[in-house]
Protein chains: 2
Amino acid sequence: MMIYLKDIPLPDAQSRFEQALKDADLWKVLDIEKIILDENATGQVLVEPVWAKISSPQYHGAAMDGFALRSETTDNAMPTAPVILEYGDQAVYVDTGDPLPIWANAVIPIEDVEPLDEKNQISADARHPQQIRIRKGVPPWSHVRSMGEDIVATQLVLPAGHVLRPVDLGAIAASGHAHLMVARQPKVAILPTGSELVPIGEDLQVGEIIEYNSLVLAAQVNSWGGKAVRFEIIPDEFQSIRDEVERAAEEFDLILLNAGSSAGSEDYSARVVESLGELLVHGVAVRPGHPVILGMIHGKRTVPIIGVPGYPVSAAMTGEIFVEPLLARWLGRRQYEPVIIKARLTRKITSPAGDDDFVRVAVGKVGDRLLAAPLARGAGVITSLVRADGLALLPRGSQGLPAGAEVEVRLYRSFRELERTIFAIGSHDISLDLIAQYLALRDRRLASANVGSLGGLLALRRKETHLAGSHLLDPDSGEYNLPYIYEYLPNVSLVVITLVHRQQGLIVLPGNPKGLQSLEDLPREDIRFINRQRGAGTRVLLDYQLGLLGIDKGSIQGYNLEEYTHLAVAAAVASGKADCGLGISAAAQALNLEFLPLFKERYDLIIPKENFTGSLLAPLLDVINNHSFRQAVSSLPGYDVTNMGKLVVEI
Amino acid sequence: MMIYLKDIPLPDAQSRFEQALKDADLWKVLDIEKIILDENATGQVLVEPVWAKISSPQYHGAAMDGFALRSETTDNAMPTAPVILEYGDQAVYVDTGDPLPIWANAVIPIEDVEPLDEKNQISADARHPQQIRIRKGVPPWSHVRSMGEDIVATQLVLPAGHVLRPVDLGAIAASGHAHLMVARQPKVAILPTGSELVPIGEDLQVGEIIEYNSLVLAAQVNSWGGKAVRFEIIPDEFQSIRDEVERAAEEFDLILLNAGSSAGSEDYSARVVESLGELLVHGVAVRPGHPVILGMIHGKRTVPIIGVPGYPVSAAMTGEIFVEPLLARWLGRRQYEPVIIKARLTRKITSPAGDDDFVRVAVGKVGDRLLAAPLARGAGVITSLVRADGLALLPRGSQGLPAGAEVEVRLYRSFRELERTIFAIGSHDISLDLIAQYLALRDRRLASANVGSLGGLLALRRKETHLAGSHLLDPDSGEYNLPYIYEYLPNVSLVVITLVHRQQGLIVLPGNPKGLQSLEDLPREDIRFINRQRGAGTRVLLDYQLGLLGIDKGSIQGYNLEEYTHLAVAAAVASGKADCGLGISAAAQALNLEFLPLFKERYDLIIPKENFTGSLLAPLLDVINNHSFRQAVSSLPGYDVTNMGKLVVEI
């Protein structure tokens, strides 16, 4: 039997799940636990309000070291007309915290008192004199911590549903409790399935994937107050998966069955749920994440099960959308609430009209404007979630939004983090990663969106970035960047400084089996080339160099075969599809290929003047002039830092 | 030897401490630990950047179940002119995640394919047909997860100093790591000292205090990433304290010595620090918290020690101001950053000019204005920290701020929590605690500041509260609240509804040994009365009732003895200072006294119309009409809910 996905809207899926949980009497705090009041109670959720059993303080106590007395007896004291009180009957010494005698209603600090001995001289024993002399009046209840000042017995200390913070524990202790009634932590079983999966730490063969969704899900569950247990990887076999789900249903409160939730030939999750209980939802109209399964396992107990999609972003989002709210309900606390801001999109996004679409964005504050730059959309790109500053929601019914549109962004970071974020839109270079690392130690974050050199210039024109990285060669002049700046950014006051020169060269198999040496070898009959797409900086560079050498493009086998990234070129070589391609050294190194350096290209940072002189970017300019940073970049293969920081032009 | 406090400014104290830590080479990450990459890594701090060891994915993989092929072979496919590809040479079946054959550059989903058998009929085996028929072209790299789409080997995955979140763990695993280099968690010894202290859970004698500062400090330390160990309570003896500090210095990274940090006769902390090392600071000009000690213990190792003041608010603030930044430094992460908002003070605050003064405030949003109502200032009132929505900083040099002044508030709660907060300034009643509890289950918070009935009316006049509780008796008319409303809130459109009637009566010793029955007993010669202060609602009530009965105030012993709260009256009775006083039942109950009910007084809620009809207060009106809430209030001693929710007047 093949079960097909039928995406239903998110609110429908949520209410179907909620109703099934209500029917099973599982839409509430699972159990109440009595725990000892100690520091481990932080983060637990009160299921009952805490009413004070005792008052705090339980008695009128001295708030300073001094003498307890009755305020009225000091009424007439003046600097020139002191009052003298008898020690014992009218005044007694108290340390801070000591209870006041019943008859006293104030404390005078010891430093405001002249202790007298039997001869009316200053007493040697300041705390046990015969009399005390006072030169100013003491208002009633001065320097007294009154009974019940903090807590009055029977008052509400904390309401039910409160998530305990450190200070709360103190108030609960002060109100006479030694135990707490809290919600039991839900036990969550996480079952990774997939014959292609291998555990973290094992060597990978082609076709194998490191299993880390269970790691992310377990960490999410624990951070939301649950207790996660990761099962071992289960192969894609119906019976094995069914057996493990059945076993998990015996002792866990929730089962997360990871992957196999789609409708592929090896996707058994839906059938397993059907065979053990009830399949409520198969497919939710939410991106990323849509092949989500919601169901109930009916064994000795009824246990909800969530089929979590296999793509890591979908998996993590499924946690946020379905698991966190359920744990909140079971713990009796509110759902997690993100901070929501409004920001303007730096480029358009399209979205399926039927889906709630969560788009990961980098957020930057440029001038007074908050900007959201959409990151990679692929559900497989977990680094997009790591790099995301927030999620922009494009609700059902929207087919997308144009550049410049305002979107609500659920922030993953604090607003103050955004205020120290340097926003870089443009061409990416690996040295930007190093800058990010060095900036992290200098109170700045680098958020970058990689849209290519020309995209960076356009972002500068729209004032949507603090700076742009660019390596645009002008074939007519052989000059980098400047001709493009004059064309695209006329009348903009800016500074161009060189970051690096980097090697472009031929990427070949290890040992260079075809004995390639330069571009002049490309027309050889035994050489198959792999090219970059039209418009790529590297393609512009190739054409320019071929022109200088007078080589006919048509004579090169594979000139018209295009790949879209440095790494795709390297992959074509690694796989034997081509013998060589032009690219940067890092791509060759990433796939353990050999690199034949040919040309140096210049990679500049283009920075509008107002940013260049501002305090936000000062640490970045500091990094560029930092000796250790320059060493780190120069140790990258194919990188030359000789001109790093050199002013190219100031316009 | 007596060591006197000498308060120094906070920045000076911090820099002195920092310099001493630098001198001891302790102003940095303490140690680096290699840990296994598992879900427990959440919250740990990376001490080294994570660079990708491998790319992810490591191969071009199918992103859907379907057939791998070369895009070019489908270029001419049209609905009316299908293309047929040979299975095996031109197309092969792939499940999602399977690696693509080297020659392929696209995947066509299985649902877009007609599988054909040897007779050119639709094949029964959809995945192993003889040929496939395709009716639309497939762009290159369609439905392919490209090698390195997520991570390219050598790229920066996460910078040093990053605090790990669940998704980060996935990205680190995907980039080929099975271990992490993180900062070792600092070990913090917490030493409570004080002969008056008893552990949580033990019965209290007069003069004893429950020791809970160590609980709060330990919970703080753990929540900031340290590992706290609470020592047993040490009596106030120099040698015992010295011995324990010496012992703690052998194995802990930081010692928090709680209380004894002031300059009282039993304050040994400063001397202990001097005898074992160096006393850097004794007294910091910060409120609450000023008798802070900062020092270094020089034993086999040098270990910093912080003498934490004994008052619970001072203790918790010392944690925030001195301990958290040190732990952040030792963990290599940024200090915690509160969200800061601007709000207007609802009443003036005075502040010592020489101190950085942290004032706890309740924050509410009334209309479009954010308001900060100062809470109890006492360093002993830990509930003020529990109830605080934030801290307003009055910096050194300021002697205070007038009502209406704008202050920066470091929020303890999220902004969204503030938006669902009902702000109640006025007279307090215990039923408001119950309302708070019921509101917590209805998506609202009640933040209340108790300034008395008249203070509430004035807050309403300034539009600084959503509602006010009031029980103001007009002696001329015998009417509650309305005469005052007409006087203080002319031309304000508002609604008055009764919350409760509550008993006022005589508070007497258990068993009523003097056989009191009514106010007519007060002039008896054997009766000593204790009164409330002038202006208190209860005093107004007493005078009104005495007038009705024709009793001369002068005939009552103790009529001129004043206390300031219901509880203080009860305490006077409990201590034998007086035989009786007028107050509410709850005060009697709190001190296990007897209560003789005499009169019912009316306690109303006064609510401006625009709030009464708004959505914010709807749950509160719902609570007032809730049967279970009414039952809960009516079960309070002396409470009558007959008129609860009754409209008194609509103006």
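Tabulated data for the structure shown
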{"read-out": "Angle between chain B longest axis and helix B:452-461 axis [Cα atoms, degrees, rounded to 10]", "value": "60"}
{"read-out": "Net charge contributed by nearby residues that have their C-beta within less than 13 Å of B:L394 (K/R +1, D/E -1)", "value": "+1"}
{"read-out": "Simple Cβ-charge dipole of chain A, Lys/Arg +1 and Asp/Glu -1, about Cα centre, in debye nearest 20", "value": "1460"}
{"read-out": "Net +/- balance of residues flanking A:I321 in space, Cβ distance below 15 Å, scoring K and R +1, D and E -1", "value": "-3"}
{"read-out": "Positive-end residue, the protein assembly as shown charge dipole about Cα centroid, Cβ charges, pick of A:F529, B:V540, A:G378", "value": "B:V540"}
{"read-out": "Where A meets B: accessible area buried, both sides, 1.4 Å probe, Å²", "value": "8300"}
{"read-out": "Cα principal axis extents for segment A:455-554, largest first, Å", "value": "50, 28, 21"}
{"read-out": "Estimated translational D of the protein assembly as shown in µm²/s (Stokes, Kirkwood radius over Cα pairs; 20 °C; 1.002 mPa s)", "value": "60"}
{"read-out": "For segment B:427-497 versus segment A:21-50, the gap between their alpha-carbon centres in whole angstrom", "value": "34"}
{"read-out": "Rounded, prolate or oblate (a/c below 1.5 giving rounded, otherwise prolate when a/b exceeds b/c) for segment B:368-419 by Cα gyration tensor", "value": "oblate"}
{"read-out": "Segment B:468-650: relative contact order in percent, alpha carbon pairs under 8 Å with at least 6 residues between", "value": "39"}
{"read-out": "Segment B:45-118 - Debye-derived log10 I(q)/I(0), Cα point model, q = 0.11, 0.12, 0.28 Å⁻¹", "value": "-0.37, -0.42, -1.38"}
{"read-out": "Quotient of C-alpha Rg and 2.2 N^0.38 Å, computed over segment B:468-650", "value": "1.13"}
{"read-out": "Sites matching chymotrypsin sites (Phe, Trp or Tyr not before Pro) across segment B:464-495 that sit in DSSP coil, with at most 14 neighbouring C-beta atoms within 10 Å", "value": "none"}
{"read-out": "For segment B:131-164 versus segment B:58-113, the gap between their alpha-carbon centres in whole angstrom", "value": "17"}
{"read-out": "Inter-copy spacing of A:D25 label points, which lie 7 Å from Cα along Cα→Cβ, given in nm from shortest upward", "value": "6.5"}
{"read-out": "0 to 90° range, to nearest 10: angle between helix B:430-440 axis and chain B longest Cα axis", "value": "10"}
{"read-out": "Point-to-point label distance, A:V339-A:K53, nm (Cα→Cβ direction, 7 Å offset)", "value": "4.0"}
{"read-out": "Carbon plus sulfur fraction of accessible area for segment B:159-293, probe 1.4 Å, in percent", "value": "45"}
{"read-out": "Hydrodynamic radius by Kirkwood, which averages 1/r over all alpha carbon pairs of segment B:181-224, in angstrom", "value": "12.4"}
{"read-out": "Per-peptide average of other Cβ atoms within 10 Å, ordering A:568-581, B:635-648 highest first", "value": "A:568-581, B:635-648"}
{"read-out": "Inter-copy separations for B:K646, label at 7 Å along Cα-Cβ, nm, ascending", "value": "9.1"}
{"read-out": "Partner chain coverage, peptide A:219-230 - average Cβ within 10 angstrom", "value": "3"}
{"read-out": "Alpha carbon centroid spacing (whole Å) that separates segment B:590-651 from segment A:205-236", "value": "52"}
{"read-out": "Whole-Å semi-axes of segment A:609-651's equivalent ellipsoid (Cα gyration tensor)", "value": "22, 13, 7"}
{"read-out": "Bins of 10 Å from zero: percent of alpha-carbon pairs in segment A:219-366", "value": "10, 36, 34, 14, 5, 1"}
{"read-out": "Average accessible surface area per residue within the protein assembly as shown, 1.4 Å rolling probe, Å²", "value": "40"}
{"read-out": "Using a 7 Å Cα-to-Cβ projection, A:G614 label spacings across copies, nm, ascending", "value": "3.5"}
{"read-out": "Three semi-axes of the equivalent ellipsoid, segment A:570-648, Cα gyration tensor, whole Å, largest first", "value": "33, 13, 11"}
{"read-out": "Relative contact order (percent, whole number), segment A:354-413, Cα cutoff 8 Å, 6+ residue spacing", "value": "38"}
{"read-out": "Crossing angle, helix A:537-549 versus chain A [Cα axis fit, 0-90 degrees, rounded to tens]", "value": "30"}
{"read-out": "Computed over chain B: relative contact order in percent, which uses C-alpha pairs under 8 Å that are six or more apart", "value": "11"}
{"read-out": "Heavy atoms of B:S195: accessible area, 1.4 Å probe, square angstrom to 10", "value": "80"}
{"read-out": "Accessible surface of segment A:468-650, 1.4 Å probe, proportion on carbon and sulfur as whole %", "value": "49"}
{"read-out": "Sum of side-chain charges, A:V649 neighbourhood, beta-carbon under 13 Å (Lys, Arg +1; Asp, Glu -1)", "value": "0"}
{"read-out": "Modelled FRET efficiency - R0 30 Å, A:N560 with A:E520, Cβ distances, 0.05 increments", "value": "0.90"}
{"read-out": "Descending Cα extents along the principal axes, chain A, whole Å", "value": "119, 70, 46"}
{"read-out": "Residue of chain A whose Cβ sits closest to the axis mapping A onto B, with distance in whole Å", "value": "A:V339, 4"}
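The values are calculated or read from the model by the stated rules, or taken from the named source; none is laboratory data. Since the model is a prediction, treat every value here as computed from it, not as a measurement. Ideal geometry is used to build each Cβ from the backbone, glycine not excepted, and the neighbour counts take in all protein chains shown. What goes into the accessible areas is simple: the full protein's heavy atoms, side chains included, and nothing from ligands, DNA or RNA. Shrake-Rupley method; radii C 1.70, N 1.55, O 1.52, S 1.80 Å.
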